[in-house]
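A quick write-up on the structure given underneath.
The values are calculated or read from the model by the stated rules, or taken from the named source; none is laboratory data. It should be emphasised that the depicted structure is a prediction, and the values quoted were computed from it without experimental measurement. As a convention, Cβ positions derive from the backbone with ideal geometry for all residues, glycine included, and neighbour counts pool all protein chains shown. All accessible areas refer to the heavy atoms of the entire protein, side chains included, with ligands and DNA or RNA removed. Shrake-Rupley method; radii C 1.70, N 1.55, O 1.52, S 1.80 Å.
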Amino acid sequence: MSKTTNKPRLTELTEPVATRTSPAIIPRPEHTISRKHISRAALKVLYQLHEAGHQAFLVGGAVRDLLLGGRPKDFDVATDAEPETIRALFRSSRIIGRRFRLVHVRFGREIIEVATFRADARDTQEGTTESDDKGRLLRDNAYGAIDDDVWRRDFTVNALYYNIADFSVWDYVGGVADIQKSRLSLIGDPETRLREDPVRTLRAVRFSAKLGFEPDEPLRKAMAEHRGLLKDVPAARLFDEFLKLFQAGFASKSYRALREHAVFRVLFPDASKGLAATDGDKFEHFIQMALDNTDKRVADNRPVTPMFLIAVFLWWPIKARARALQEDDGMTPTQALGQATFECLARQQSIIAIPRRFTVPLREMLTLQPRFQRTRGGRSMGFLEHRRFRAAYDFMLLRTEIGEVDEEIAKFWTDVQEQDRSAREQSFGMRHDTTRTKAPRKRRRRRRRKPSGDGGSAD
């Protein structure tokens, strides 16, 4: 979503949320959402559902972002049609999910997610719900009406519905007022909602960083009380949340919000110990530079990889462990870094499941760091062709900024990348004489043996 300083032009809502049994309906002339800013694919889904006799609403973050004057990247649809009905309406669609059954409708590369209105299965005769002993929802496929669905959403600012039938916005829970006040509030009792899904704590952090909204006091207290429940969330799901926090252009703000709410130490306990160490300020600076660089790359539409930031977060504990392995076990710097990276990653994997496609290059990038100290000879020159050289080089430059690598070393490796082969060979101290040519090696002629009379080899 693009940033804006403008508040939405909306009618002030005065009716107390707690007494509202029907939505406050904001007609088209009183809000700023335009269909010009809604994905064509989303409009096709909305119109086709409506023409088939179903209710169809744009819902969630897309409505919020449109009211803020932004341009959403994702558009979600909510309807009274059940998944099988939705699937029959759209040829390029499929039903997904176990915890919540959804339909993905594909238009080329774009996917529109369509969800059926949900109700609380404990209050209905249909559908199924399943929770663990801590109150976390494991399965929930009870269907209902929009009046039920709104109370199942998490934050008030995400519980706004744009009705394709008359282009109005429906607000049951005071989401418009919270947008106007830049406030983040959970629907219902915050403690219950965070126990149902502890990832809502991370979503609160993310929206705080992305939108600049402040969590209200009940939400703040609940986050402080229940942040430890994130340890019970599947590690694979936390990796998805890591990507949303740190790969969307507001990594630096996400990090500061995670630190403010003491959630970072739950996700990265080893890194938190490093930040609390005597040289923690240097580590903090190291992390902040990497986060700023990541945000800049996203803003410039350049690729980013989670491998790099995870390596940054783990660098201090890895470095400390590698030093101990060198002193106690006599390992070489490369061996020690490899073993330390393996151990620290294993601990981190128990919290956030980092796919192998990232852990393997991460280990290679870190174990290559000692090679920057060697600047002579053909093997050092060949380092430039290593498939992980560029990532290792970028990491080395960060280390240079905090004094871990000599500036002359960094300058050497920066300069040699721009040199032609002749100049590069000279930089690496290799003899280069264009007047001498190597004489071709003569092929040794093999002596032919005479055959013996019985067809065997000669004695």
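Among the residues of the stretch 261-271, are any assigned to a helix (DSSP H, G or I) and small (Gly, Ala, Ser)?
We begin by selecting, within the stretch 261-271, every residue assigned to a helix (DSSP H, G or I); these are 264-267, 269-271.
Next, from what is left, pick out any that are small (Gly, Ala, Ser): 271.
Yes, the stretch 261-271 contains a residue that is assigned to a helix (DSSP H, G or I) and small (Gly, Ala, Ser).
Output the residues belonging to the stretch 240-260 that are touching a residue at least 40 places away in the same chain (Cβ under 8 Å), under 20 Å from Glu214 (Cα atoms), open to solvent by less than 40 Å² (accessible area, probe 1.4 Å) and part of a helix (DSSP H, G or I).
Glu241, Leu245, Phe246, Ala251, Ser252, Ser254, Ala257, Leu258
Tell me, which strands (runs of 3 or more DSSP E) lie completely within the stretch 19-112 with 1 or more residues that are on the phi < 0 side of the Ramachandran plot, surrounded by fewer than 18 Cβ atoms within 10 Å (Cβ to Cβ) and touching a helix residue (DSSP H, G or I) at 6+ places or on another chain (Cβ under 6 Å)? Show your work before the answer.
On the way: elements: 24-26, 56-59, 76-79, 93-96, 102-107.
The qualifying strands (runs of 3 or more DSSP E) are 93-96, 102-107.
Would you point out the residue of the stretch 301-344, among those that are open to solvent by less than 10 Å² (accessible area, probe 1.4 Å) and aromatic (Phe, Trp, Tyr), that is nearest to Glu284 (Cα to Cα)?
Phe313
Looking at Arg220, Arg237, can you tell me which residue is surrounded by fewer than 20 Cβ atoms within 10 Å (Cβ to Cβ) and under 24 Å from Phe308 (Cβ atoms)?
Working: Arg220 fails: under 24 Å from Phe308 (Cβ atoms).
None of the others qualify; the one that does is Arg237.
State all residues of the stretch 93-116 that are among the β-branched types (Val, Ile, Thr) and closer than 17 Å to Ile146 by Cα; if no residue qualifies, say none.
Step one: of the stretch 93-116, the residues among the β-branched types (Val, Ile, Thr) are 95-96, 103, 105, 111-112, 114, 116.
Val114, Thr116, listed by residue number.
Write out, first by first residue and then by second, each pair whose Cβ atoms fall under 8 Å of each other, whose residues are 6+ apart or on separate chains, and whose first residue, in the stretch 28-47, is among the charged types (D, E, K, R) while the second is loosely packed, with under 12 Cβ neighbours inside 10 Å and modelled with pLDDT of 95 or more.
Short answer, once both residue conditions are applied: Arg28/Asp166.
Per-residue answers, yes or no, for (1) at pLDDT 95 or above; (2) not in a helix (DSSP H, G or I):
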{"residue": "Gly135", "(1), (2)": "no, yes"}
{"residue": "Trp151", "(1), (2)": "no, no"}
{"residue": "Trp170", "(1), (2)": "yes, yes"}
{"residue": "Arg200", "(1), (2)": "yes, no"}
{"residue": "Arg203", "(1), (2)": "yes, no"}
{"residue": "Arg206", "(1), (2)": "yes, no"}
{"residue": "Arg220", "(1), (2)": "yes, no"}
{"residue": "Met223", "(1), (2)": "yes, no"}
{"residue": "Arg227", "(1), (2)": "yes, no"}
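Would you confirm, using the coordinates I've provided, whether Asp292 is of a type outside the set (A, V, I, L, M) and open to solvent by 50 Å² or more (accessible area, probe 1.4 Å)?
Numbers: of a type outside the set (A, V, I, L, M): yes; open to solvent by 50 Å² or more (accessible area, probe 1.4 Å): yes.
Answer is yes for this residue.
Are there any pairs, at least 6 apart or on different chains, whose C-beta atoms fall under 7 Å, with the first in the stretch 159-185 and free of Cβ contacts under 8 Å to residues at least 40 places away in the same chain and surrounded by fewer than 19 Cβ atoms within 10 Å (Cβ to Cβ) and the second outside any strand (DSSP E or B) and hydrophobic (A, V, I, L, M, F, W, C), and if so, which?
Close Cβ pairs (under 7 Å, with a partner that is outside any strand (DSSP E or B) and hydrophobic (A, V, I, L, M, F, W, C)) amount to Ser182/Phe213; Arg183/Phe213.
In the stretch 265-301, which residues are under 15 Å from the mean Cα position of the chain (by Cα) and free of Cβ contacts under 8 Å to residues at least 24 places away in the same chain?
Across the stretch 265-301, the qualifying residue is only Arg297.
Residues checked against (1) closer than 18 Å to Gln349 by Cα; (2) among the acidic types (Asp, Glu); (3) in contact with a Ser or Thr (Cβ under 9 Å, 6 or more places away or on another chain):
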| position | (1), (2), (3) |
| --- | --- |
| Arg237 | yes, no, no |
| Leu258 | no, no, no |
| Val266 | yes, no, yes |
| His285 | no, no, no |
| Leu291 | no, no, yes |
| Ile310 | yes, no, yes |
